[in-house]
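Scroll down for the structure; my scribbles are underneath it.
The values are calculated or read from the model by the stated rules, or taken from the named source; none is laboratory data. What you are looking at is a predicted structure, and each value in this text was computed from that prediction instead of being measured. Don't worry about glycine lacking a Cβ; one is built from the backbone with ideal geometry, like all the others, and counts go over all protein chains shown.
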Amino acid sequence: MLSKFRSIIKAWSPTERHIFYAAVSVFVLASTMLSIRLYFRLTIEIPDFGGEYLEGLVGQPTIINPVIPSGNDVDRDLTSLLFSGLGILSEEIKTSEDGRIWTVALKKDLKWSDGEPLTSDDVLYTTDAIQDINTRSPLIETWRGVVVERLSEKELKFTIKTPYAFFADNIRGLKIIPHHIFSIVPNSNMRLSNFNLEPVGSGPFVFRRYEKRKDGFITDFYLDRNENYAGDKSLIDKFHIVFLQNSSEAIDKFNTLMLSGFGALDARELVRLKAGFNEYRISLPRYYAIFMNQGTHPALKERDVRAALARATNRAAIVTASLGGQAEAVYGPILPSIEGYDAQVYEKEIFSTDEAGAILENAKWIRGEDGVREKIYGKNKIRLEFELVVPQIPFLIATANAIKDDWAKIGAKAVVVSINPAEINDAVIKTRNYHMLLFGNILSNNPDVFAFWHSSERFYPGQNLAVYENKKLDILLETIRRDLNKETRAINIKKLQETILADRPAIILFSPTYLYIATKNLRGFSPNNITAPAERFNDASHWYIRTKRVLKSG
C-alpha cells in the first residue's frame with residue numbers, strides 16, 4: 001500500500017507534489033494546534049511539589065527558639081519556618097462559658113522533625129519553661145498566672161483567673177519546643193544549647209545544615225520539607241536561606257538571580273531592581289508615634305500645647321517624603337485593620353499650621369525674638385522647646401526632621417537627639433528620661449492595648465512610653481480585656497479611642513507597610529492577617545514554584 005502511494009506521488013508533477021506537501025503541513029499544524037487548545041480546555045494548572053526557594057535575610061541567626069526569642073528579625077523568620085504553634089498542632093480548642101477554662105486536643109500522631117513523638121508533655125514543658133524566671137523568657141508576662149494541666153497524652157487544660165477575651169490568640173500562637181531536647185539541661189542554660197542554631201522543630205521545614213565563613217559569619221541555612229509537619233505538606237522541596245550584610249547586597253543578588261525573594265525593602269529602592277519581580281505591600285498592626293512625657297516639661301502638661309503640636313504634624317507629607325509612600329497615616333491606638341476601629345472618631349483630625357498657631361495664641365504662648373514661643377510660669381519664662389529622642393534609623397531620622405520643620409512654623413522648637421537603637425532601651429526607655437520619644441508599638445491583631453496605655457505600665461518594664469495616667473481609661477482597658485461580648489466590647493473600644501484622642505498623650509503618626517519582593521514564578525504567597533514580618537512564612541507550606549496540568553473534574 002505504501003509503495004503504491006509512493007508511486008502515485010512520483011507520477012505527480014513537481015507543482016502537484018509541492019501543493020500536496022503544503023496541504024499535509026497545514027493539516028499537521030492545524031491538528032497540533034487543535035490538540036493543544038483541546039488539552040488546555042480540558043485541563044487545569046495546579047500546584048506541584050518540587051523546587052528550591054532562596055530567601056535573602058539581612059543579619060545573622062543567634063537563637064532560633066520561640067521560648068527565648070532574641071528580638072532579632074532573622075531569628076523570628078527562622079522560627080516561623082521551623083516551629084509550629086498550637087493553632088497548627090491542635091485538633092480542637094474549646095473554652096468554658098465563662099472563658100476561664102480552655103481545653104486543647106492535639107492532633108494524632110504528631111512528630112518532631114527528628115521523628116520523636118510530640119505530645120502534651122512538650123506543651124506543658126514549653127509553658128513551664130516560659131513561666132520559669134530562670135529561663136528569662138520575654139513571654140513570661142503573657143503566661144503569668146496561667147495554670148496548664150496535662151489531661152492525657154494529647155489533651156491539656158489551661159485555666160486563667162479572670163476571663164480574657166483574646167486568650168484564644170495566645171493559645172494558637174504558642175510555639176512549642178521539644179521536651180526531649182531541652183529538659184536535660186537547666187532552663188537557665190537554655191540559651192547555651194547548640195539546638196538554638198540547629199533546631200529540632202515542628203514547622204513546615206526541617207533544619208539540615210548551615211555554612212559559615214572562617215570569621216564566623218553564617219552564610220547559608222539549608223532547610224528541607226518537613227514530612228512530619230502537622231499542616232499541609234510544603235509544596236517546595238528545599239528552602240535555602242542566604243544571609244546578607246545589608247539590603248544593597250540583597251538587591252544585587254536578586255538582580256543576578258541568586259535570590260528568589262527578600263523583604264524589608266525601602267520602596268525608594270525599587271528602581272534598583274532589574275530582574276522581573278512581584279512586589280507585595282503588607283500592612284502590619286504596628287505604628288510609630290511621638291510619646292510626650294508630661295512630667296519632664298511644664299509645657300507638655302498643657303493639653304492645648306499637645307493638641308497644637310498634633311495639628312501641626314503633616315502625616316501625609318511624612319509618609320510620602322520619609323517613607324516613600326510605604327505607610328498609612330494613622331491617628332489613634334486602634335488601627336483600621338483591628339476590631340473596633342472607628343473612623344468617625346478621627347474625622348476632624350486635619351493638618352493645619354494656621355489652626356495650630358491659633359491654639360497656641362489663645363493659650364498665651366507668644367513668639368520670642370527668635371520665633372520660638374514663650375510663656376510665663378510663675379517667675380519663670382518657659383520656651384516651647386523640646387528634645388525629641390529618636391533611634392538612629394534613617395526613616396525615623398527623616399521623620400523627626402520633617403516634624404521639626406513643621407513645628408518651627410508654629411513657633412515650637414524640636415531638638416532632635418538621635419541614639420543608637422541598641423542603646424536606646426537602657427539609655428532612655430528604662431529611665432523615662434525624655435521630653436518626647438519617637439518610637440513604635442507592635443500590636444496584636446486584636447484591640448488589647450493595655451500594655452501601651454494602662455497607668456500600671458508607666459514605668460519600665462512597662463510599655464506606656466507616654467507615662468500616661470487616666471483612671472477612666474484604665475477601667476476601659478480592663479473592661480475590654482474581660483468582655484467576651486463583641487458588641488459591648490465595640491462600645492468601649494470606641495470610648496478608648498475618644499479618650500486618648502481627647503487627652504493627646506502621644507501624636508500617633510503612621511503605620512508602615514512591609515515590602516516583600518519575589519520572583520514572578522513564586523505563587524501561593526498570601527500574607528493575610530499577620531502581625532509581624534516573620535509571619536509572612538505562616539503560609540509558606542502553600543508557596544509553590546512548580547505546576548502541573550490535570551484533567552478538569554466533571
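Here are a few things to note about the model shown:
- Which listed residue is among the β-branched types (Val, Ile, Thr) and under 19 Å from Ser322 (Cα atoms), from Val417, Val467, Val449, Val428: Val417
- None of Lys214, Lys233, Lys253 is on the phi < 0 side of the Ramachandran plot and in a helix (DSSP H, G or I) except Lys253.
- Scanning region 403-419 for residues that are small (Gly, Ala, Ser) and surrounded by fewer than 20 Cβ atoms within 10 Å (Cβ to Cβ) returns Ala408, Ser418.
- Only residues that are surrounded by fewer than 20 Cβ atoms within 10 Å (Cβ to Cβ) and either under 18 Å from Asp266 (Cα atoms) or among the hydrophobic types (A, V, I, L, M, F, W, C) (or both) were counted across region 534-554, and they come to 3.
- Residue among Ile403, Ile410, Ile429 that alone is under 20 Å from Gln294 (Cβ atoms), touching a residue at least 24 places away in the same chain (Cβ under 8 Å), assigned by TED's automatic domain parsing to the domain that holds Thr353 and in contact with a Gly (Cβ under 7 Å, 6 or more places away or on another chain): Ile410
- Condition broken by Arg150, with the remaining ones in (1) surrounded by fewer than 13 Cβ atoms within 10 Å (Cβ to Cβ); (2) over 20 Å from Thr62 (Cα atoms); (3) free of Cβ contacts under 8 Å to residues at least 40 places away in the same chain satisfied: (1)
- Looking only at region 319-336, and only at residues there that are over 13 Å from Glu349 (Cβ atoms) and of a type in the set (A, V, I, L, M), the one that is surrounded by the fewest Cβ atoms within 10 Å (Cβ to Cβ): Ala321
Conditions (1) β-branched (Val, Ile, Thr); (2) farther than 30 Å from Arg481 by Cβ, marked per residue:
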{"site": "Ile382", "(1), (2)": "yes, yes"}
{"site": "Glu387", "(1), (2)": "no, yes"}
{"site": "Val390", "(1), (2)": "yes, yes"}
{"site": "Leu396", "(1), (2)": "no, yes"}
{"site": "Ala408", "(1), (2)": "no, yes"}
{"site": "Ile419", "(1), (2)": "yes, yes"}
{"site": "Ala422", "(1), (2)": "no, yes"}
{"site": "Ala427", "(1), (2)": "no, yes"}
{"site": "Lys430", "(1), (2)": "no, no"}
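- Count of residues meeting criterion [surrounded by fewer than 18 Cβ atoms within 10 Å (Cβ to Cβ) and of a type in the set (Phe, Trp, Tyr)] in region 451-478: 2
- Test: residue in region 263-271 that is in contact with an Asp or Glu (Cβ under 6 Å, 6 or more places away or on another chain) and within 30 Å of Thr531 (Cβ to Cβ): no
- Some residue of region 333-343 being at pLDDT 95 or above, at positive phi and assigned by TED's automatic domain parsing to the domain that holds Arg489: yes
- Residue in region 263-273 that is touching a strand residue (DSSP E or B) at 6+ places or on another chain (Cβ under 7 Å), buried (at least 17 other Cβ atoms within 10 Å of the Cβ) and closer than 29 Å to Lys495 by Cα present: no
- Region 371-392, residues that are surrounded by 15 or more Cβ atoms within 10 Å (Cβ to Cβ) and among the hydrophobic types (A, V, I, L, M, F, W, C): Val372, Ile382, Leu384, Phe386, Leu388, Val389, Val390
- Qualifying position, being crowded, with 23+ Cβ neighbours inside 10 Å and assigned to a strand (DSSP E or B), among Phe243, Phe221: Phe221
- Strands (runs of 3 or more DSSP E) fully within region 278-376 counting 1 or more residues that are closer than 23 Å to Val467 by Cβ: 286-292
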